[in-house]
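Worksheet: the structure to be examined is printed underneath.
The values are calculated or read from the model by the stated rules, or taken from the named source; none is laboratory data. Quick caveat, the model's predicted, so the values are computed rather than measured. When we count neighbours, we look across all protein chains shown, and the Cβ atoms used for this are built from the backbone with ideal geometry, even at glycine.
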């Protein structure tokens, strides 16, 4: 099972831990997606007031009980709609996602 951490591009670049974690109810695809979208909604509330290029919903994904980053889901542009799909980034792509943020 995975945990879904809502965040922002600046916080992701700074690798800031957060207590506002969303856990899927089970390992089913539907529950994992629901957890992802709940975390995306929480992330949307954090981006107001951020500068251009940083107002994107970002969700960091970890294995439950672990601290290793598995993947990141993020909007591809600022001010996305709540129902817009998030792009998927592998952990090794983190530098390209946060390039120029910090």
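(1) touching a residue at least 24 places away in the same chain (Cβ under 8 Å); (2) surrounded by fewer than 19 Cβ atoms within 10 Å (Cβ to Cβ); (3) in a loop (DSSP other than H, G, I, E, B): which one isn't true of residue 97, the others all being true?
(3)
Hey, among the residues in segment 55-64 that are assigned to a loop (DSSP other than H, G, I, E, B) and under 22 Å from residue 25 (Cβ atoms), which one's modelled with the lowest pLDDT?
64
One line per residue, one yes/no per condition, for (1) touching a helix residue (DSSP H, G or I) at 6+ places or on another chain (Cβ under 8 Å); (2) closer than 19 Å to residue 97 by Cα:
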{"site": "23", "(1), (2)": "yes, no"}
{"site": "33", "(1), (2)": "no, no"}
{"site": "37", "(1), (2)": "no, no"}
{"site": "50", "(1), (2)": "yes, yes"}
{"site": "66", "(1), (2)": "no, no"}
{"site": "71", "(1), (2)": "yes, yes"}
{"site": "74", "(1), (2)": "yes, yes"}
{"site": "77", "(1), (2)": "no, yes"}
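Test each condition in (1) under 20 Å from residue 92 (Cα atoms); (2) surrounded by fewer than 20 Cβ atoms within 10 Å (Cβ to Cβ) for residue 60 and report the one that comes out false.
Answer for residue 60: the failing condition is (2).
I need the full set of residues from segment 74-94 which are in contact (Cβ under 8 Å) with a residue 24 or more places away in the chain and part of a helix (DSSP H, G or I), in order please.
Hit for segment 74-94 is 94, nothing else.
Can you find a residue in segment 1-16 that is within 16 Å of residue 78 (Cα to Cα), part of a helix (DSSP H, G or I), at pLDDT 80 or above and touching a strand residue (DSSP E or B) at 6+ places or on another chain (Cβ under 7 Å)?
Yes, the conditions are met somewhere in segment 1-16.
Among 67, 26, which is the only one that is surrounded by fewer than 16 Cβ atoms within 10 Å (Cβ to Cβ), in contact (Cβ under 8 Å) with a residue 24 or more places away in the chain and part of a loop (DSSP other than H, G, I, E, B)?
26
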